[in-house]
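First up is the structure itself, then whatever we jot down about it.
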Amino acid sequence: MATEVQRPAGEGKDDLLRTVDEKDLKPVHVWPNLVSIELIGALTITLLLSLMAIFVAAPFYRMADPELTPNPSKAPWYFLGLQELLLHMHPALAGVVVPTAVLVLLGAIPYIDRSKKGTGIWFYSKKGVPIAVFSAIYTTIWNVGLILVDEYLPAGGANGIAPWLKMHGFPDAFAEIFVPIAFMTFIPFSLWTIVKRRWQADMRECMIAMYSFFLASFIVLTIIGTAFRGEGMALSWPWDIPYPPHGKE
Amino acid sequence: MSRLWRYITSSRLWKSIYRNPYPRDKRSRAMVILNSLALHLHPVRVPKRATRITYTWGLGGLATWCFVLLTLTGVFLMWYYIPTTQDAYWTIVQLQTEVTFGAFLRNLHRWAAHAMVLAVLAHMTRVFYTGAYKPPRDFNWVIGVALLLVTCLLSFSGYLLPWDQLAYWAIAVGMEMGGATPFIGKQVRMALLGGFEIGQQTLIRWYTLHVIFLPLACILLMATHFWRVRKDGNISTPVYEDDDEETLRAVEARRQQLAE
Ligand code: HEM
């Protein structure tokens with residue numbers, strides 16, 4: 001059995017990425033090999049943050065005024081993905097159900113993908129990077145497409161998918177809860193199916209697709225929420241967004 | 001100079017603090033790790049690969065360091081800040097205009113908070129794409145998810161404290177979301193606000209969470225996280241086979257062999 005382990009890098013019978021040389025696994029002393037890197041890292045980040053603190057002032061507007069709603073009114077950037085969702089579905093879904101589901105599903109990853117094979121290998125196999133890239137592009141197209149449709153689909157006086165459905169006699173719950181849930185499950189599910197068919201993906205490779213779906217959605221929604229939402233949270237170009245927002249200075 | 005140095009390093013006081021000489025040989029390099037509080041979180045030796053920047057990118061370490069910076073600058077901010085709706089805003093104004101390094105340390109606190117959220121997200125992404133969440137590290141990944149949540153909450157709870165327009169309305173958006181919780185929305189809103197609207201009760205609640213509860217929770221989780229990294233066999237190394245017991249033993253034997 002020991003021969004299995006000694007097999008040199010690159011001679012696998014499967015297509016796992018064998019980029020790690022056995023020499024690289026030889027133990028070295030933490031002092032100084034790791035401690036020095038940690039020290040340099042800590043000093044570098046301290047320096048960069050200090051420079052930033054010297055040259056860029058933390059935002060500070062006028063005193064809180066419950067009467068004066070800024071337009072647009074935004075949460076900090078890491079929640080803007082959720083705030084973006086808020087524009088497209090029932091608030092209970094965007095504000096509570098989706099974030100809870102995301103945390104639970106993230107936590108569940110190691111309990112769904114349990115094989116140890118591929119631990120410690122960047123992108124696992126030769127298919128890893130193509131799957132991740134494909135998943136990110138697939139997700140981005142869906143996200144951007146749905147956001148555009150929801151912004152511009154004419155529905156009587158308003159715009160959007162939910163108003164359009166309601167105009168055609170569908171109940172509110174169907175338009176604001178059922179349809180968004182259907183999209184949010186269909187995108188990852190279809191991605192899983194495509195990756196499985198096209199690449200004969202195993203469990204780890206399917207997980208790479210799922211995480212890439214999560215990551216790409218987070219990044220796309222955060223960017224749109226941060227840089228492309230202006231007055232009244234309407235889609236706008238970054239340079240058209242009032243800064244500081246009305247009512248904040 | 002060197003005599004003075006020798007005098008200092010051979011004094012009782014120095015030796016009572018640093019149990020071993022500057023580490024230059026195998027033995028003292030091991031002892032320095034084992035004898036120091038901060039360093040003993042590490043193993044004495046690690047596979048060379050674990051020290052490669054391109055494996056971990058040092059991101060967990062950067063998140064930890066951000067937390068340290070935030071604690072230090074945060075204590076400083078607490079010296080001046082008063083958590084009441086009349087004073088909060090003005091103590092920040094005063095801090096920025098009258099206190100030496102006040103503006104600098106406030107800025108540093110703010111930027112380090114953003115950096116920590118970024119570092120944690122990036123760290124999670126590196127752990128994911130290197131498959132480092134797989135057993136036996138599965139539960140440590142779960143602790144990590146809890147840390148992600150606590151990090152975001154820490155950052156968000158700090159957002160309200162300056163009591164300016166940005167703070168107030170960001171929290172208003174947050175409350176709108178929390179208040180939409182199915183079935184218990186009203187109760188959740190009440191608990192977060194400490195009343196019917198954002199006011200003194202809200203500020204004191206978020207302040208307490210921000211300076212006591214969440215940091216303690218974060219420290220506890222980080223301690224568990226680091227401890228688990230050690231107990232789970234340190235930073236992950238490549239596994240090419242889906243290991244049965246026998247292979248695992250062979251890997252372990254091989255590692256021992258390499259270590260000699
Ligand atoms: C405050 C937040 C966090 C801190 C301070 C932290 C710190 C660390 C440190 C210092 C390490 C050692 C290796 C490295 O730096 O990559 C580590 C490893 C690890 N972390 Fe975190 N972490 C945090 C959040 C997370 C999150 C959000 C996850 C995942 C959801 C996670 C999962 C893991 C796992 C599985 C390992 C073991 C990796 C391996 O063996 O290669 N951690 N963490």
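Tabulated data
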quantity	calculated
Boolean, residue B:250 is at pLDDT below 90 and part of a helix (DSSP H, G or I)	yes
Helices (runs of 4 or more DSSP H) wholly inside region A:67-157 containing at least 1 residues that are more than 9 Å from chain B (Cβ to nearest Cβ) and surrounded by fewer than 20 Cβ atoms within 10 Å (Cβ to Cβ)	A:98-112, A:128-152
Scope region B:92-112; condition polar (S, T, N, Q) and part of a helix (DSSP H, G or I); matching residues	B:94, B:96, B:97, B:107
In region B:70-112, the residues that are open to solvent by less than 20 Å² (accessible area, probe 1.4 Å) and either under 19 Å from residue A:56 (Cβ atoms) or not β-branched (Val, Ile, Thr) (or both)	B:73, B:74, B:88, B:92, B:95, B:102, B:106, B:107, B:108, B:112
Evaluation of residue B:203 against (1) modelled with pLDDT under 90; (2) facing chain A (nearest Cβ under 10 Å) (one fails), failing number	(1)
Top-ranked residue of region B:119-178 - restricted to ones that are out of contact with any His (no Cβ under 7 Å at 6 or more places or on another chain) and among the hydroxyl-bearing types (Ser, Thr, Tyr), ranked as farthest from residue A:112 (Cα to Cα)	B:168
Selected residue (criterion: nearest to the ligand (Cβ to nearest atom)) from residues of region B:45-73 that are modelled with pLDDT under 85 and assigned to a helix (DSSP H, G or I)	B:50
Residue in region B:4-25 that is aliphatic (A, V, I, L, M) and at pLDDT below 85 present	no
Qualifying residue in region B:102-125 (condition: among the basic types (Lys, Arg), over 13 Å from the mean Cα position of the chain (by Cα) and within 11 Å of the ligand (Cβ to nearest atom))	no
Inter-residue pairs, beta-carbon under 6 Å, first facing chain A (nearest Cβ under 7 Å) and in region B:168-181, second in a helix (DSSP H, G or I) and surrounded by 22 or more Cβ atoms within 10 Å (Cβ to Cβ), 6+ apart	B:177/A:95; B:180/A:95
The listed residue being more than 16 Å from the ligand (Cβ to nearest atom), under 25 Å from residue B:37 (Cα atoms) and of a type in the set (A, V, I, L, M), out of B:229, B:173, B:188, B:211	B:211
Residue B:41 under 18 Å from residue B:234 (Cα atoms) and more than 9 Å from every other protein chain (Cβ to nearest Cβ)	yes
Condition met for residue B:153 (within 18 Å of residue A:104 (Cα to Cα), more than 10 Å from the ligand (Cβ to nearest atom), of a type outside the set (Gly, Ala, Ser) and more than 9 Å from chain A (Cβ to nearest Cβ))	yes
Residues of region B:33-88 that turn out to be without any contact (Cβ under 8 Å) to a residue 12 or more places away in the chain and of a type in the set (Val, Ile, Thr), as a count	7
Among (1) surrounded by fewer than 16 Cβ atoms within 10 Å (Cβ to Cβ); (2) within 28 Å of the chain's Cα centre (by Cα); (3) farther than 28 Å from residue A:122 by Cβ; (4) of a type outside the set (A, V, I, L, M) - the single one residue B:52 does not satisfy	(3)
Residue in region A:172-189 that is over 25 Å from residue A:108 (Cβ atoms), open to solvent by 60 Å² or more (accessible area, probe 1.4 Å) and away from every other protein chain (no Cβ under 14 Å) present	yes
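The values are calculated or read from the model by the stated rules, or taken from the named source; none is laboratory data. Bear in mind that the values here come from a model prediction, so they are computed numbers and not experimental data. Cβ coordinates were reconstructed from backbone atoms using ideal geometry, including for glycine residues, and neighbour counts include every protein chain displayed. Ligands, DNA and RNA are stripped out before the accessible areas are found, and what is left, the full protein with its side chains, is counted by its heavy atoms. Shrake-Rupley method; radii C 1.70, N 1.55, O 1.52, S 1.80 Å.
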